[in-house]
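Heads up, the thing below is written out as structure tokens.
The values are calculated or read from the model by the stated rules, or taken from the named source; none is laboratory data. As the structure is a prediction and not an experimental result, all values here were calculated from the model. A quick note on method: Cβ atoms are made from the backbone with ideal geometry, for glycine too, and the neighbour counts reach across all protein chains shown. All accessible areas refer to the heavy atoms of the entire protein, side chains included, with ligands and DNA or RNA removed. Shrake-Rupley method; radii C 1.70, N 1.55, O 1.52, S 1.80 Å.
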Amino acid sequence: MVLSAAQQPDSTYRVWKRFTFPDEKGRIDAISVPKRVGDTLNPAYALIVDLALVNFWSVFFGVILYVYMRRHASKEDKLKPLAPKLWNKRSDLISLVIEAFTSMGQKCPSPLTVLLLFLCLAGWVGQKAAGILVPPLILIDGAAPVDPAAIYAPDRSNLDSLGVSNLFALEVPRFLRALGGTAAGDEIRKKVKISQATLLGQTSDGDNIQRIDYGYSATGADMGLQRFPDLTLKVSGSCVTEYGWYNGTVNLTDNFDRVTSVDGYNVWGNKTDPIFTVSLYDGRQPSATFFPGTSSSQGTLPTSNATWAAVVSSIGRVSFSPSTDPWYLTNPVSASEGGTGAQYAVVGRRPPLSCWQDDVWSYQDHNSTVEELNKIPGLDLSDDLQAILSSILGIPMIQLVGIYLKTSALLSSTTANDQIFDASASSIHGDLERLVQTAYVATINSLTDLTLYPAGARLSNLARDESNQPRDGIGEFVVWSPDVAALSTVAIIVIPSVFLGLGILSVILLNWTPVQDVNKLESDGTSAKITQKPSSANRPGTEPVTTPTEEKQSYTGSQAPAALDVGNKV
């Protein structure tokens, strides 16, 4: 499952290629074809299924009628008039049911007749349902194996200022696509977990210290890994409002005697680093700046835990509504202040978020970090593909979301109109939920995004070797596109095979076995009867002995068939 607003160019995937489709339930043998081919095969296979069931009914009714007629050779039975209809209408069961009930008139049918017609009706419903439900099993998804030549994985290591600038221009579009993918709404909310704020205590100034936990899981099937759909990345994290980093406020006056408050913070509590400041000079809309952690603590694994922080710049932004949220706490102001007419403004000394995140990869009950995936038994990813995964997912994705989306990272920025925003609709919880959802989408899109970088990128490509050829094993994932279809190889082969097998069985059974006697029930105007083994009185060389009570009987058309009157002597 990939949630992307970008269209995959047809040069990024391969069609008419057999591959392994990664599904949550396991690997599926598939072949990729253009979408128009998949659309054509669907009705064609619906017809094949319908014809296969016609062959099945021929075999089924042929055997049933033959066995019935042999066992009731000398008995009169109310089912006799129904036998020709069963055989002649075997390809159109609904017409059989209608014609049978119509021909009964006012007669009360036997329970056995009613049961048989009910079964025919159920068979017709099943046949039509199979024609609708079975063919879609051919189409798995709109996916195809990636073309390794289309993969671009920018080298993010050892970048100078120019390299950082080039990387920023490359990465912003994919995170904007991930942000657009969160529009899936409820589907995304089911994939991520955001707890409500938990009160941990209060500072000496009476400020509430809050904690919010978050998490999500992404599988190899989500990311498109062909051979390892059950590989799982489990992300869990937690954020706490940190009031101890605040380092004072400075009021600056401009040439028009307007006062702007500037808050300072010692990020991570390190007073030897330069003070980080926030104010209205950062922009009219609320924004946040994200920082990687300087150290990590023990997580699920020794090196699986990482830290990050976010410092909000909301001080001085005005609103028509009040708020008590730690990031958007407001005080009343004069409506004429600032010339906006707003009655509330965000106060200073808003707490940064101090966060940790634990990323654990699991496969067949073995855990690892992304850097050591090759140490998991049975997980034989190529070294080059693992290096690409490590480059993309080696840093907490939520931190990268904040870095590359800038002001768009916060939900509160979407309610801002110039300097004014809706404080009552803004909260740390809402902002963090937006960040986590975007991080989840960016994670599952991380491989398919490798084909969507713009041409002419200046950073070196991890997917190419020294001779500029695609590295081995990097193309072990699929990409999704509405212009391609992944078809189940098993379904493509099995459905026609079943049709052919039933057709051959029907021909053999009805032409070269004793069951062929049921063909005499065809409404062709001839007599229909089952031939029995000759008695001793009728052996060759003897004359048949006939008594007045032994008269030859034959039935044609709508009369009771002699095939069901086997007991009459000839």
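Going through (1) within 22 Å of GLY283 (Cβ to Cβ); (2) free of Cβ contacts under 8 Å to residues at least 12 places away in the same chain one by one, ALA416 falls short only on (2). Which residue is farthest from LEU199 (Cα to Cα), if the candidates are limited to the stretch 245-269 and must be open to solvent by less than 60 Å² (accessible area, probe 1.4 Å) and not in a strand (DSSP E or B)? Out of the qualifying residues, it is ASP254. Identify the residue in the stretch 456-472 that is free of Cβ contacts under 8 Å to residues at least 24 places away in the same chain and in a loop (DSSP other than H, G, I, E, B) and, among all such residues, is least open to solvent (accessible area, probe 1.4 Å). Filtering first and then ranking leaves ASP465. For the condition more than 27 Å from ASP205 (Cα to Cα) and either of a type in the set (A, V, I, L, M, F, W, C) or touching an Asp or Glu at 6+ places or on another chain (Cβ under 9 Å) (or both), what is the one hit in ALA306, ALA288, ALA310? Just one listed residue meets the conditions, ALA306. Once the stretch 152-179 is narrowed to residues that are surrounded by 15 or more Cβ atoms within 10 Å (Cβ to Cβ) and either touching a Pro at 6+ places or on another chain (Cβ under 7 Å) or of a type in the set (Gly, Ala, Ser) (or both), the residue that is farthest from GLN8 (Cα to Cα) is GLY163.
Against the test of being surrounded by 14 or more Cβ atoms within 10 Å (Cβ to Cβ), of a type in the set (Asp, Glu) and within 30 Å of ALA486 (Cβ to Cβ), the options ASP282, ASP230 yield a single qualifying residue, ASP230. Of all residues in the stretch 323-348, those satisfying the criterion of being open to solvent by 20 Å² or more (accessible area, probe 1.4 Å), at pLDDT 90 or above and of a type outside the set (A, V, I, L, M, F, W, C) are THR324, ASP325, ASN331, PRO332, TYR344, GLY348. Would you confirm whether any residue within the stretch 296-317 is closer than 24 Å to ARG258 by Cβ and open to solvent by 10 Å² or more (accessible area, probe 1.4 Å)? Checking the stretch 296-317: at least one residue is closer than 24 Å to ARG258 by Cβ and open to solvent by 10 Å² or more (accessible area, probe 1.4 Å). Can you spot a residue in the stretch 209-230 that is in contact with an Asp or Glu (Cβ under 7 Å, 6 or more places away or on another chain) and under 24 Å from GLY293 (Cα atoms)? Within the stretch 209-230 (the criterion being in contact with an Asp or Glu (Cβ under 7 Å, 6 or more places away or on another chain) and under 24 Å from GLY293 (Cα atoms)), the answer is no, since none of the residues qualifies.
Do we have any residue at all in the stretch 503-513 that's among the hydrophobic types (A, V, I, L, M, F, W, C) and farther than 27 Å from GLY131 by Cβ? Scanning the stretch 503-513 turns up at least one residue that is among the hydrophobic types (A, V, I, L, M, F, W, C) and farther than 27 Å from GLY131 by Cβ. Any residue in the stretch 150-162 that is modelled with pLDDT of 90 or more, assigned to a helix (DSSP H, G or I) and over 20 Å from TRP16 (Cβ atoms)? Yes, the stretch 150-162 has at least one match.
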